[in-house]
1. In Å, what Rg and Dmax follow from the Cα atoms of region B:12-150?
2. With all distinct Cα pairs included, what does the Kirkwood hydrodynamic radius of region A:181-376 come out to in Å, to one decimal, could you say?
3. Using the Kirkwood radius over Cα pairs, work out the Stokes-Einstein diffusion coefficient for region A:52-173 at 10 °C and 1.306 mPa s, in µm²/s as a whole number.
4. Among A:Ser308, B:Gly213, B:Ala272, whose Cα projects farthest towards the positive end of the dipole of the protein assembly as shown, with charges put on the beta-carbon of Lys, Arg (+1) and Asp, Glu (-1)?
5. About its Cα centre, how strong a charge dipole does chain B have in debye, to the nearest 20, once Lys and Arg get +1 and Asp and Glu get -1 at the Cβ?
6. Evaluate peptide A:320-331: per residue, the Cβ atoms of other protein chains within 10 Å of its Cβ; return the mean as an integer.
7. Sum -39500 (n - 2.57) across every DSSP H segment of at least 4 residues in chain B, then divide by the residue count to get the 222 nm mean residue ellipticity, nearest 500.
8. With charges only on Cβ, +1 for K and R and -1 for D and E, what is the dipole size of region A:181-376 about its Cα centre, in debye, rounded to 20?
Amino acid sequence: MIGLSLNRVLAVLIKEFKQLTRDRVTYAMMLAIPVVQLTLFGYAINSDPRHLPTAVLAQEDSRYARSLVSALKNSDYFDFVAQARSPAELDEMIRRGEVQFAVTIPGDFSRRVARGDQAQLLVEADATDPSATSGAVAALAALPDQALAHDLTGALAMRGQAVKPFEVIVHRRYNPEAITAYNIVPGLLGIILSLTLVMMTALSVTRETERGTMETLLATPLEPLEVMAGKLAPYVMVGLVQTAIILAMAATLFHVPMSGGWLGLSAGIGLFITGSLALGFLISTVARSQLQAMQMSFFYILPSILLSGFMFPFRGMPAWAQWIGEAIPVTHFLRVVRGSLLKGQGIGDQWRELAALGAFVCVVTALAMARYRRTLD
Amino acid sequence: MTPSSPNWAIDVHGLNKSFGDKHVVNDVTIQVEAGRICGFLGPNGSGKTTTLRMLCGLLTPDSGSGQALGFDIIREAEAVKLRTGYMTQKFSLYEDLTIAENLQFTARVYGLDRRRERVDKALERLGLASRRGQLAGTLSGGWKQRLALATATLHEPKLLLLDEPTAGVDPKARRTFWDEIHALAAEGLTVLVSTHYMDEAERCHEIAYISYGRLIARGTAAQVIAASGLITFHGEGPGADKLGHALSKAPGVETAAAFGAAIHVSGSDRAALEAAILPYRREPYRWSEVPPTLEDVFIQLMGRSQDNIP
Ligand SMILES: Nc1ncnc2c1ncn2[C@@H]1O[C@H](COP(=O)(O)OP(=O)(O)OP(=O)(O)O)[C@@H](O)[C@H]1O
Ligand SMILES: [Mg+2]
């Protein structure tokens with residue numbers, strides 16, 4: 001047994017440090033990850049989103065109605081983006097996720113206010129993500145006291161101070177009890193699939209290169225697409241098994257509603273698994289070592305968690321962050337999964353998200369094929 | 001093709017390849033007749049692996065052209081690949097697959113029929129039938145190389161490119177390996193095999209010697225030796241092997257190397273060479289002129305081409 005020697009520790013330390021700096025990509029990643037990700041997420045994440053898209057169905061055109069709308073606008077939480085002409089249209093807008101809130105001003109609103117007869121304003125919130133709506137819903141409490149302050153005169157105003165001129169009825173749709181798990185568990189499906197599938201395939205080609213088996217593989221008549229398809233197929237199975245497990249647990253342990261939309265959901269799962277695998281394959285054609293492949297996957301996973309609407313409300317992010325989010329497949333996949341399970345969306349409601357996933361699959365596959373080298377040059 | 005011209009299995013001209021500003025293969029021309037074994041020799045880093053890779057489509061030449069098995073090596077690389085077996089310098093089978101699984105994988109990739117039968121036959125031929133379930137990574141060096149050869153020939157290629165197939169392999173296993181290569185050539189395969197071993201070079205039908213990316217000698221062993229114009233003296237006697245240092249400095253001596261207790265002194269200028277050994281033509285040394293060995297020639301070639309580096 002020989003004693004510990006500082007010099008020998010130093011020998012290892014110096015060697016490690018030199019090896020670290022020799023791998024440029026790893027070195028750059030270690031510096032870029034904190035800087036990029038911190039700036040990205042520090043500015044992008046906002047857990048009290050404002051300016052949420054809202055549709056209104058005004059069944060009467062009155063001074064009161066206009067005052068209500070402008071009071072809602074002034075709260076900063078609601079941006080009126082659409083005017084519905086019928087309750088059905090309003091319902092469709094919120095089911096499709098085009099708006100976060102649907103406000104209905106009933107046809108007898110003015111009359112009831114004037115008579116002091118329990119006037120009601122109906123606000124429906126898309127509560128699939130409870131945290132996205134909670135701030136706005138809280139702000140609604142102050143509405144009856146302020147919204148009509150300038151419009152009510154005389155006796156009506158006097159009465160307004162004692163009894164509220166109207167009440168706000170809030171319907172939290174799709175997740176009435178604001179159970180966070182309803183939102184998180186379907187979201188986890190997207191995150192877990194990304195984590196395992198992207199990482200696993202990202203290592204697939206790099207491993208061959210690192211072990212030297214790539215040279216033999218390239219000397220065979222294998223075509224790039226054949227290599228890709230053969231390498232990815234086993235992981236499609238892995239992805240499907242994972243999906244089945246997660247959905248079964250979501251239903252049994254967390255009682256996440258299964259409202260239907262199976263066709264869209266299946267299409268979404270298929271496209272998302274393919275896209276994640278293709279992305280992993282693309283990474284593995286770019287990375288020069290398995291370590292680099294791991295880091296690149298990580299670089300992708302973080303925004304998938306933080307900018308996709310999984311952890312924080314998508315609509316709470318500034319426009320530029322939403323643009324980045326739109327480019328991430330998890331974002332679209334989450335909308336499909338939540339839309340199907342919680343809202344029972346049909347494929348007609350989801351075609352935009354499915355098209356985005358399909359486009360992602362095509363672009364990434366094309367890039368991977370372009371990157372895959374048929375030679376050792 | 002005129003009827004008298006040979007049937008080239010490899011016929012490439014003026015191959016060039018650079019990595020960055022390093023000109024690794026410089027105007028290399030190689031021709032190998034079908035059914036022959038051509039030894040590919042040259043010092044480390046001379047461009048053997050790079051040349052072999054260009055022949056089987058793994059690297060694209062910067063310039064140059066040619067055919068392998070009648071297919072253009074650049075435009076018809078896929079056709080060449082299909083008919084060529086390539087054994088890499090570094091073991092490149094799947095170490096985490098078994099012997100049989102590696103063979104099965106190759107059989108599938110080449111779309112072979114009667115897969116089970118072919119794999120069984122290959123295992124039989126290898127003498128590994130009883131160890132078919134062993135992981136390839138756990139084989140010893142010699143067995144690994146034989147497995148790699150079996151894998152490279154499974155699809156019955158017409159051309160074999162072997163890159164230092166016997167490096168680190170014991171003499172007996174090397175002999176077995178070369179017996180197999182000769183058996184394959186007898187079946188009509190053309191073999192281009194790189195090696196650093198002189199005895200292996202002598203077992204080839206012909207040799208090609210490359211140095212610093214240039215092909216500097218070609219032909220049968222006898223032709224290469226004759227073309228070198230080298231004269232070799234063999235000195236014996238107690239302490240003869242220790243004369244190397246003094247002799248190698250003498251004018252006219254191109255190489256002086258100990259062979260056991262004896263010494264080989266070579267040069268291309270007979271008069272100068274004889275003058276150089278004159279001081280030692282006395283007891284206890286005995287001198288005789290011998291035909292130069294391939295090794296003498298290669299060491300001389302190496303020395304010369306080094307001087308040629310611009
Ligand atoms: N991908 C590459 N990038 C840069 N340089 C390379 C590359 N491949 C080979 N080289 C260089 O090209 C030269 C020739 O290499 P090559 O492997 O062909 O030599 P070799 O004759 O096979 O040597 P050895 O007998 O050691 O196997 C070497 O100097 C090597 O460093
Ligand atoms: Mg080599």
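None of the figures in this text is laboratory data; all of them are computed from the coordinates on show. Values in this document were obtained by computation on a predicted structure and should not be read as measured data. Ideal geometry is used to build each Cβ from the backbone, glycine not excepted, and the neighbour counts take in all protein chains shown.
1. Spelled out, the Cα radius of gyration and Dmax of region B:12-150 are 17.3, 51 Å.
2. 17.3 Å
3. Numbers: Rh = 14.5 Å.
This corresponds to a translational diffusion coefficient of 109 µm²/s.
4. After comparing all options, I get A:Ser308.
5. Roughly 580 debye, rounded to the nearest 20.
6. Mean partner-chain Cβ count within 10 Å for A:320-331: 0.
7. Calculated mean residue ellipticity at 222 nm is -10000 deg cm²/dmol.
8. Dipole size: approximately 200 debye.
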